[in-house]
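I have placed the structure first, in the form of structure tokens, so that the comments after it can refer back to it.
The values are calculated or read from the model by the stated rules, or taken from the named source; none is laboratory data. As the structure is a computational prediction, the values presented were derived from the model and not from experiment. Methodologically, a virtual Cβ is constructed for each residue, glycine included, from the backbone with ideal geometry; neighbour enumeration extends over all protein chains shown. Keep in mind that these areas ignore ligands, DNA and RNA; they rest on the heavy atoms of the full protein, side chains included. Shrake-Rupley method; radii C 1.70, N 1.55, O 1.52, S 1.80 Å.
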Amino acid sequence: MSFTMKEGGFGVGDYVAFGVLCVSSCAGGVWYSAIGSRSKAVVDLKDYLLGGKAMSTFPVAMSLIASYVSGVTILGTPAEVYNYGTQYWLVIVGVTLSCVVVATVYLPVFCTLRLSSSYEYLELRFNRHVRAVASILFLLDEVLFLPMVVYVPALAFNQLTGFNVFAVGGAMVVICGLYTVLGGLRAVVWTDSVQTGVMYIGVVLVAVAGTLAVGGVSDVLSIAKESGRLDLSNWSFSPYERQTGWGAVVGGLLYWTCFNSVNQTMVQRYIALPSKRKAITALGIFCMGAILAISLCVWCGLAAWGAWVRGGCEPSGAPPVDDRLLPAFVTYVASVQHLPGLAGVFLAGVFGAGLSSLSAVLNACALVAVEDLLHGWLRLRLRPLAEGLLARSVTAALAIISVLMLVVIEKLGGVLGVATALSAIAASATCGIFTLGMACWWVGPRGALAGGAAGALLAGAVSLGTQAAAAAGLRAPPPAAPAHCALNATLTALQPDLDPETIFPLFRVSYHWIAPLGLLATLTVGATVGYFFDERDSSKMDAELFTPVIWRLLPREAHENAGMTRRLLNTKDVDSPTPSAPLILGQVSDKIEMNAESSR
């Protein structure tokens, strides 16, 4: 049987499997929203946004995975591997290294200061205006990313059942918005845990059944090797090649460091745990889960490629294909292996991944809007009930925007590259501002704002420029098909629609390098402007405001003031509002140990 990329269709067994798994995955969140929290979730803002900072490690780790492994990963990664080979798989090295960087550089600062919002740090280190700028960048980032999270499951549903993309997207937002708006972080985390499990079940079943449909592991590997899609030897330094070893490793490291280190979606889960040790444990589980998810999706792409080649290289499946690859491959496998219900389980997994990512982002945006913009920037404090309703209103508004923006997302192609490029705009600039604050003691508000503006402008220009070039017809040519496919007279080689030399060089770079460019611009401009134009503020010279990695380099004044900011927070003697949630550590010494000596 040939794999044509035109497969689709849902049977009775698929509808039953999809319905049962979706209902079970959302039941926990709906229960907590309607019964478990009741009026407390409306009035108690800290419980709504941070789960009372008493969450368990494993559910939070599953929620971290859900924040990263969305439907973009599940549908985008197999298509990327099918088109361009396994070079992308090396991104797992970058993900691993990014977790090490987060645990050693950024997380100790947040856990020591015991903050309820990551952006609150920027007010302590710089001022409330820098905090507001970073918060707005975060909200902009999520406005660009949310439609992608909604679009991918809707696309899969459309491929398998024929239902309208916008109708499916709207239904998805209503389901997710219900338990996110009503239940807060507890509902999100517990629902994420179940949905992440459903997602893994779906991807594992597709990987196993797809491998058997091709003929086994050895057949998948031999076909991939013959066609050059198992090659990991491209370590070119050229930023114009879509997939290289350096692009996947270095780009993956910096992109996921930008995302995992200071993004409120992730930090909100770290600080929902009662101790730093549990936060690092959750981060480790997240790292292993992300590696497993990426590897499974890579294998699904190779299995789909093997099925296409073994089936006679039908022209309709010739690369590059779009993100409908995996839904088509699932129905192909279900037909070949006689597995009714497989498509339903797979679609439930994609929906679970999309719902969990959507709920995580919506909840984080609500916290940023209330904690950072309302409290931190505008200096307004409303009654608890009013703030709770405001948080829910922000969540609902963003959910509606994500559906409306499907009109734009539908016209873009290759969700993996598009999502990475768009989310890199704000993520790189925001991470750069935090890094300036934690590592560059000479940088003040002027340097932070100048660096953030430079990083966002550069990353935004490159990201939007690359998307415009892609829309105009600029495509990276995929590796050659196997020899016997080339003999098929109906299969013609892909010819680029646009001469790359006619495109501005920065608009031709791979999506892997957009985040590094934005981060480099932020750090370079920020450090330079800070050195020449910022004056040192002794009230900001506190060793606890800087990462332990550079403690030995800090001025003596910073060591002498170590712990000052935290003690003032505890006694409410600082200008910034005290965190509206319980502090993350029960007891922390007022002394910091550096070079085996007490700082005070």
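Below are the figures for this structure:
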| quantity | calculated |
| --- | --- |
| Set A353, A364, A334: member being in contact (Cβ under 8 Å) with a residue 60 or more places away in the chain, open to solvent by 10 Å² or more (accessible area, probe 1.4 Å) and assigned to a helix (DSSP H, G or I) | A334 |
| All helices (runs of 4 or more DSSP H) inside the stretch 52-128 with 3 or more residues being of a type in the set (V, I, T) and more than 15 Å from the chain's Cα centre (by Cα) | 91-101 |
| Residue satisfying all of: in the stretch 462-482; open to solvent by less than 50 Å² (accessible area, probe 1.4 Å) and under 23 Å from the mean Cα position of the chain (by Cα); modelled with the highest pLDDT among these | V462 |
| Among (1) over 18 Å from R125 (Cβ atoms); (2) open to solvent by 70 Å² or more (accessible area, probe 1.4 Å); (3) at pLDDT below 90 - the single one C485 does not satisfy | (2) |
| Close pairs (6 angstrom Cβ cut-off, 6 or more residues apart or separate chains): polar (S, T, N, Q) in the stretch 148-165, open to solvent by less than 10 Å² (accessible area, probe 1.4 Å) anywhere | Q159/P327 |
| Test: residue in the stretch 228-239 that is assigned to a helix (DSSP H, G or I), in contact with a helix residue (DSSP H, G or I) (Cβ under 8 Å, 6 or more places away or on another chain) and open to solvent by less than 20 Å² (accessible area, probe 1.4 Å) | no |
| Some residue of the stretch 42-59 being buried (at least 16 other Cβ atoms within 10 Å of the Cβ) and modelled with pLDDT of 80 or more | yes |
| Test for A343: is it under 13 Å from G11 (Cα atoms), in contact (Cβ under 8 Å) with a residue 24 or more places away in the chain, touching a Ser or Thr at 6+ places or on another chain (Cβ under 8 Å) and buried (at least 24 other Cβ atoms within 10 Å of the Cβ) | yes |
| Search result, residues across the stretch 367-386 that are in contact with a Leu (Cβ under 8 Å, 6 or more places away or on another chain) and open to solvent by less than 10 Å² (accessible area, probe 1.4 Å) | L367, V368, V370, E371 |
| Some residue of the stretch 130-153 being over 20 Å from the mean Cα position of the chain (by Cα), among the charged types (D, E, K, R) and surrounded by 23 or more Cβ atoms within 10 Å (Cβ to Cβ) | yes |
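Table: residues versus (1) on the phi < 0 side of the Ramachandran plot; (2) surrounded by 15 or more Cβ atoms within 10 Å (Cβ to Cβ); (3) at pLDDT below 95; (4) not basic (K, R).
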| position | (1), (2), (3), (4) |
| --- | --- |
| F532 | yes, no, no, yes |
| E535 | yes, no, yes, yes |
| K540 | yes, yes, yes, no |
| A562 | yes, yes, yes, yes |
| R566 | yes, yes, yes, no |
| T571 | yes, no, yes, yes |
| V574 | yes, yes, yes, yes |
| S580 | yes, yes, yes, yes |
| L583 | yes, yes, yes, yes |
